[in-house]
Structure formats: structure tokens, C-alpha cells
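**Q** Once you've had a glance at the structure underneath, I'll fire off some questions.
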Amino acid sequence: MKRLIVFLEVISLIILVTPGTFSQNKVSTFMSFTPSKIEFVVDSISKFYTQQIDVTGSIDVEDWELFCELDIVGIPKERILFAVGINPIDAFYAPFTSKIRLTRRVKNASVFIPRLNIRYIPSWLDDPGTYQGNLIFNYKYISRGKEELARLASVPIVITIKPIFSVTIISVPKNKMRKPQNYIEVNPNTLSFLVPYPGEWQSQESLNLVINTNKKRWSVQCSATELVEYEESGKNKNRVIPPIPPDYLYVKVGDSSNYLQLSNFYITIISGGKKGELTVPLDFKLKTDESVLAGEYKGSLVFLFQGSE
């Protein structure tokens with residue numbers, strides 16, 4: 001058994017390749033790769049993923065060319081690119097759409113290819129999951145006046161795409177109305193209401209939710225807190241202003257004509273059935289009555305995402 005194990009280890013380093021079914025010529029080949037596997041773990045769609053592999057080898061024929069091709073299912077080859085060299089610029093990358101020629105050698109020369117760069121360009125079109133394939137290395141040479149193509153080795157390539165979801169909230173002023181001198185600016189995404197008397201009042205800003213996800217089905221839920229007296233405005237006052245209930249707030253999604261009443265419980269305001277980037281405008285209004293006293297109030301909106309494969 002020990003002799004069998006040693007024999008297999010030797011074969012893994014020195015391979016006798018017999019191109020063609022009836023060829024009697026055996027070619028001694030050697031090929032090694034560092035690292036022995038290409039692997040990408042994708043957690044963002046907004047950047048490229050690049051790994052390098054060094055190729056060393058030799059082929060015992062007079063004149064030969066080294067080729068590489070990609071075999072993978074589920075990821076378009078147009079978004080898996082290659083470039084040779086140390087720190088190549090973006091313009092040097094080309095897609096694995098066909099067999100690529102890496103080098104040519106004559107007179108049994110060995111080959112060393114430093115930095116075969118492999119780049120994956122992610123897309124919202126790719127479903128979360130693990131995709132596996134191989135980089136296949138072949139060589140071409142002339143045997144008895146006929147061109148032969150023989151397989152050398154392969155390097156596994158694994159792309160693991162994680163579920164991704166991100167939301168950017170952008171506050172957009174609706175008009176250039178001058179705000180009061182003591183207007184409360186808590187953060188750039190503040191919604192403000194100017195309420196001169198009881199009624200229904202539109203917010204001075206709308207919110208844009210920029211949603212990025214690779215989940216097929218998803219939803220965004222929203223809840224509101226009570227609007228309580230702003231701390232700074234309550235100083236040196238002898239009265240206590242009761243809070244404004246969260247259900248006095250309403251939201252309208254996109255081009256809808258209906259407002260949804262908010263509360264301190266989550267309600268679904270947006271649902272989707274496709275992946276990608278989507279911008280959804282939200283408009284808000286506040287209903288007030290005689291129970292709402294004059295003052296400055298502060299509260300919060302909380303957004304919750306739920307998604308499924």
C-alpha cells in the first residue's frame with residue numbers, strides 16, 4: 001500500500017500525456033500553480049474582485065503554445081476577466097469568452113508566468129449562492145505535421161455570492177421656502193413640518209430610498225415613534241408639552257395617491273419582486289388637531305428590510 005501511495009504522488013507531479021487516440025508519442029509535462037485554487041467571496045456589488053495565480057511548467061516538445069480557457073456554469077464569462085503581469089491597468093483585462101493564448105516556447109524551454117490576474121465583476125443579475133468551475137490549461141504543438149491540442153491541468157475557481165441588501169436614505173427639499181431662524185436641523189435626513197394651525201401638513205422634504213439588493217423578493221417596513229418636545233426648546237419652560245402620537249404621521253410611496261398611516265408597529269410600505277438598484281421616493285404628511293400644542297417636536301422613523309431567495 002505504501003508503494004501505491006508513493007507512485008500516485010509521483011504521477012501528480014509528472015504527467016505523461018498522449019494526445020490523440022492512436023498517437024504513440026508520449027510527452028513529458030510538468031505544471032504547477034500558486035495558489036492551487038481561485039476563490040472569490042462577494043459581499044458587495046460596487047467593487048471588482050481580483051486574485052492572482054503564478055504558473056510554472058515545462059513541456060518536452062520542440063515548439064508549443066500554452067492556452068487557458070474558463071469552464072463555469074451560472075456566471076457569464078464576459079464578467080470574468082484575465083490580464084497577465086504585475087498590477088495591470090484596467091484596460092489590459094479581457095473576458096474569458098474564448099480560449100486565450102498565454103505564451104509560446106521553443107526548444108523545450110520552461111515557462112513561468114507571474115501574475116495571471118483573474119477578475120470577477122459582480123452584478124445584481126447573479127443570484128446568491130456558490131458557483132464552481134475550472135481554469136483549464138491546454139498546450140498546442142505540431143506532431144507529424146499535424147497540429148495537436150492536449151490538456152495539461154485545471155485550477156478550480158469558486159465564486160461565493162452572499163445575500164446583499166443596502167439602503168441609502170437621501171433627504172430632498174421640496175421647495176426653497178425659507179425656514180424659521182430657530183429651525184431644528186438634527187441631521188441631513190431630517191424631515192420637518194411647519195404647522196401654523198391644526199390641519200394636514202406636508203413635510204418640507206421628501207425621502208428617497210435607494211435600495212440595492214440581489215434578493216428576488218423583498219419588502220421594506222416602516223414604523224414611527226412619538227414626536228416629543230425637543231430638549232433644547234423645552235428649557236426654561238414651566239409647562240410640559242404632551243407628545244404627538246405616531247399615528248398622526250402618514251407616508252405616500254412613489255406615484256401612489258394613497259397615504260399609509262404609520263404607528264409604532266411596522267407596516268409594509270414597499271415590496272419588490274426583482275433584484276437590482278431601485279430609487280423609491282417617499283412623501284410624508286402630519287395631521288394635527290387642537291390637542292397638539294405649539295412647540296418643537298422630535299421623533300424617528302425606523303425602516304426594516306425583509307428578503308427571501
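**Q** Rank the residues ASP126, ASP90, ASP60 as a footprinting-exposure proxy: fewest other Cβ atoms within 10 Å of their Cβ go first.
**A** Fewest to most other Cβ atoms nearby, the residues stand as ASP90, ASP60, ASP126.
**Q** Can you compute log10 of I(q)/I(0) for region 44-101 with the Debye formula, treating each Cα as one identical point scatterer, at q = 0.13, 0.19, 0.20 Å⁻¹?
**A** -0.45, -0.88, -0.95
**Q** Additional query: Using Cβ contacts closer than 10 Å as the measure, can you line up TYR259, TYR197, TYR139 from fewest to most? The partial results should precede the final answer.
**A** On the way: TYR259 16, TYR197 9, TYR139 26.
So the ranking, lowest neighbour count to highest, is TYR197, TYR259, TYR139.
**Q** Could you tell me the relative contact order of region 92-170? Use alpha-carbon pairs under 8 Å, at least six residues apart, and round to a whole percent.
**A** Taking the mean separation of contacting Cα pairs over the length of region 92-170, I get 25 percent.
**Q** Right, next: Lys and Arg at +1, Asp and Glu at -1: add these up for the other residues within a Cβ distance under 12 Å of LEU249 and post the number. Provide the component values of the computation, followed by the final result.
**A** Working: positive: LYS252, LYS285, LYS287; negative: GLU200, GLU226, ASP247, ASP283.
After counting each charged neighbour, the total is -1.
**Q** How would LYS215, LYS77 line up from fewest to most surrounding beta-carbon atoms within 10 angstrom? Walk me through the intermediate numbers first.
**A** Working: LYS215 20, LYS77 15.
Lowest count first: LYS77, LYS215.
**Q** Taking 30 Å as the cut-off for C-alpha to C-alpha distance, list the pairs among LYS37/LYS140; LYS216/LYS252; LYS274/LYS298 that go past it.
**A** LYS274/LYS298
**Q** I'd like the Karplus ³J(HN,Hα) series for region 58-63: coefficients 6.51, -1.76, 1.60, θ = phi - 60°, whole numbers in Hz, and an x wherever there's a Gly or Pro.
**A** Values per residue, Gly and Pro as x: 7, 9, 8, 9, 6, 9 Hz.
**Q** Would you mind checking which residues have amide H under 5 Å from SER143's amide H? H placed 1.01 Å from N; only 5 or more apart, or other chain.
**A** Amide H neighbours of SER143, under 5 Å, 5+ apart: GLU148.
**Q** Take the alpha carbon gyration tensor of region 13-161, find the square roots of its eigenvalues, order them as a ≥ b ≥ c, and report rounded if a/c is under 1.5; if not, report prolate when a/b exceeds b/c, else oblate.
**A** Prolate is the answer for region 13-161, as a/c is 1.5 or above and a/b outweighs b/c.
FYI, it's all coordinate maths here, none of it is from the lab. Just so we're clear, the structure is a prediction, and the values are computed from it rather than from any experiment. Methodologically, a virtual Cβ is constructed for each residue, glycine included, from the backbone with ideal geometry; neighbour enumeration extends over all protein chains shown.
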